[in-house]
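Right, one structure below, let's go through it.
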Amino acid sequence: MTIAFHDADGGSFPNLVLMKLAAWYRACGDDLEWFNPLKVEQYDRIYSSRVFTFTDDDGYLPETAIKGGTGYISKAVLPDFIEHICPDYSIYPKLNHSLGFVTRGCNRSCKWCVVPLKEGAIRAHADVDEFTRHRDLVLMDNNILAHDHGIDQLAKIARLNLRIDINQGLDARLIDDQIAQRLGRVKWIRHIRLACDDSSQTPAVKRAVELLRWHNANPARIACYVLIQDVDDALERIRFLKGLYVEPFAQPYRDELGTPATPEQTALARWCNHKALYKSSTWEQYRADQSKRANHSPMTHISQNSPQLSIF
Ligand code: SF4
């Protein structure tokens, strides 16, 4: 059989589902290739996977394509024998780290999050041995600290001397002295990432940062995701993080339909995530600068001084 894979998000982030399907079909001796709309007739099966809801539909994809992933608002899951296969990392040749989940689901019910609905309650999912083939490992667990298995796997990762990144923010409310000690023993690729999605979480974030630093968590650079819904509330959390010397990473809220962020949310994220801007100006200075620029743009000048063009 010839199997075609379509990474609907355009390869901006390696697609784990496609890597697992590739491993399965390769083991079965099938031919694999990336989807090419000119060869649709030659494919026995086409799989399309989409992570982000804001990714546009690909009009070249035939109706027969098998679609899955959060981006398609699909609850389809892989059968266990594929879910627990080691991914075929070769389909993303530039990928130099392993990728996977040791837990799935989450027991909390944050109103902005689809994880509990999509994945259900927290549970053990896999051992790192199942998918680790590199020294660097990226875990995508949504709330790894909420399950003993996740915490045990962190201890194993430290024993194996792997370097990790947990690319979803850690739940600061679950970081006590013991967990901070355990996190302090792990080697981190870049940042330890926390989440501060709501102002009610700031006391827990402060405590977690103190404990991580106390246990010499390496590296000293702690980052924190800041969800932007209400701009003023998000700005308050960014100020709070700056006071703790924690690097904020702001993310405008996107609903499951992929509704675009407002201009104000987008501007706050741009200022916060552009580290040169963030370090050299306050949000108020950045906004004042932006409006000054807008007032001096050539188009504004034309419309202000040329009544006959102002309707444009
Ligand atoms: S703790 Fe994280 S994963 Fe769990 S529901 Fe809240 S945002 Fe989602």
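Read the figures in this text as sums done on the coordinates, not as results from a lab. What you see is a predicted model, and the numbers here were worked out from it, not measured in a lab. Methodologically, a virtual Cβ is constructed for each residue, glycine included, from the backbone with ideal geometry; neighbour enumeration extends over all protein chains shown.
Here r is the Cβ-Cβ distance between R45 and R254 and R0 is 45 Å; the resulting FRET efficiency, rounded to 0.05, is 0.90. In the chain, what percentage of the DSSP-assigned beta bridges are antiparallel, given to the nearest 5? Bridges in the chain are about 5 percent antiparallel. Here each label is just a point 7 Å from Cα along the line to Cβ, and for W112 and D177 those points are 3.3 nm apart. Of the two radii for the range 154-300, the radius of gyration is 1.05 times the Kirkwood radius, both from the alpha carbons; that is the Rg over Rh value. For the range 18-33, backbone phi angles converted through the Karplus equation (6.51, -1.76, 1.60; θ = phi - 60°) give residue-by-residue couplings of 5, 5, 6, 4, 4, 4, 5, 5, 5, 4, 7, x, 7, 8, 10, 7 Hz, Gly and Pro being listed as x. When each of the peptides 101-107, 30-36 is scored by the mean number of other C-beta atoms lying within 10 Å of its residues, the order from highest to lowest reads 101-107, 30-36. Dividing the convex hull volume of the alpha carbon atoms of the range 1-91 by its residue count gives 95 Å³ per residue.
Adding -39500 (n - 2.57) for every DSSP H run of four residues or longer, then dividing by how many residues the chain holds, sets the calculated 222 nm ellipticity at -10000 deg cm²/dmol.
Lysine pair count for the chain with Cα-Cα distance under 13 Å and sequence separation of 8 or more or different chains is 6. Relative to its residue count, the chain spans a Cα convex hull of 168 Å³ per residue. Among M1, L162, P93, pick out the residue whose Cα is farthest towards the positive end of the charge dipole of the chain, where Lys and Arg carry +1 and Asp and Glu carry -1 on C-beta, about the Cα centre. Checked the options; the winner is L162.
Of I166, I144, I46, the residue with the greatest mean-square motion in the GNM of the chain, using alpha carbon springs below 10 Å, is I46. Applying 1/(1 + (r/R0)^6) with R0 = 41 Å to the Cβ-Cβ distance of W34 and V77 gives a FRET efficiency near 0.95. Annotation: the range 110-185 has a Kirkwood hydrodynamic radius of 13.3 angstrom, from the mean reciprocal C-alpha pair distance. Across the chain, the relative contact order, built from alpha-carbon pairs under 8 Å that are at least six residues apart, equals 11 percent.
Note on the chain: GNM, Cα springs under 10 Å; of V115, V77, V51, the largest mean-square fluctuation is that of V77. Placing unit charges on the Cβ atoms only, positive for Lys and Arg and negative for Asp and Glu, gives the chain a dipole magnitude near 1280 debye about its Cα centre. Maximal additional length on extending the H296-D127 stretch stands at 55.1 nm, based on 0.36 nm per residue less the C-alpha distance.
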